[in-house]
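Colleague: Following this message is one structure expressed as structure tokens.
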Amino acid sequence: MFRSTATLLSSLMLATASVAATESDETPVRIRYGFMVATERCAACHIASLHQTLKPLYDTPKFEDIANRPTTTRETLVNFLGTAHGTNLAPSNAPLPRGAALTLLTDREKSDVAFYILSLRNKH
């Protein structure tokens with residue numbers, strides 16, 4: 001009885017450690033996926049990458065600047081990315097870019113872009 005209880009406890013501890021390791025190990029993957037989404041869907045309006053050469057259509061903040069705002073958290077980013085923030089642009093003859101209000105991000109994309117933006121904090 002003692003041996004099977006010890007084995008069960010040992011298995012539970014190993015499973016818990018494995019789940020925790022998976023969550024932290026997943027962060028670099030989420031950052032990379034967020035980078036891919038950002039460069040595809042956000043770079044028309046923002047400097048989304050430290051190495052971006054494409055000039056944005058609008059005068060919008062760089063992702064690095066957004067990351068370094070004191071109020072920026074993953075939660076505030078996810079919430080903001082859930083809005084159609086592209087609809088408040090100044091009047092212009094230029095069409096709205098694809099990523100603005102026309103196609104909303106999935107919950108996973110919002111979260112991954114938030115991970116990516118926060119990865120840019122204090123990188124100059």
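Just so it is clear, none of the values below were taken in a lab; they were calculated from the coordinates. For clarity, every value in this text was computed on a predicted model and none was experimentally measured. Virtual Cβ from ideal backbone geometry, glycine too; neighbours counted across all protein chains shown.
Colleague: Treat the count of other C-beta atoms within 10 Å as a stand-in for reagent exposure and order 64, 40 from fewest to most. Could you put the intermediate results ahead of the total?
Modeller: Values: 64 18, 40 12.
Neighbour counts put them in this order, fewest first: 40, 64.
Colleague: May I ask you to sort 37, 78, 29, 113 by Cβ crowding, counting other Cβ atoms within 10 Å and putting the fewest first? Kindly include the intermediate steps, with their values, before the conclusion.
Modeller: On the way: 37 21, 78 17, 29 11, 113 27.
With the sparsest Cβ surroundings first, the list reads 29, 78, 37, 113.
Colleague: Obtain the nm distance between the two label points defined at residue 51 and residue 80 by a simple spin-label model: each point lies 7 Å from its Cα along the Cα-to-C-beta direction.
Modeller: Those two pseudo-labels are separated by 2.5 nm.
Colleague: Along Cα→Cβ, 7 Å out, is where each label goes; now give me the distance between the ones at residue 40 and residue 104 in nm to one decimal.
Modeller: 1.9 nm
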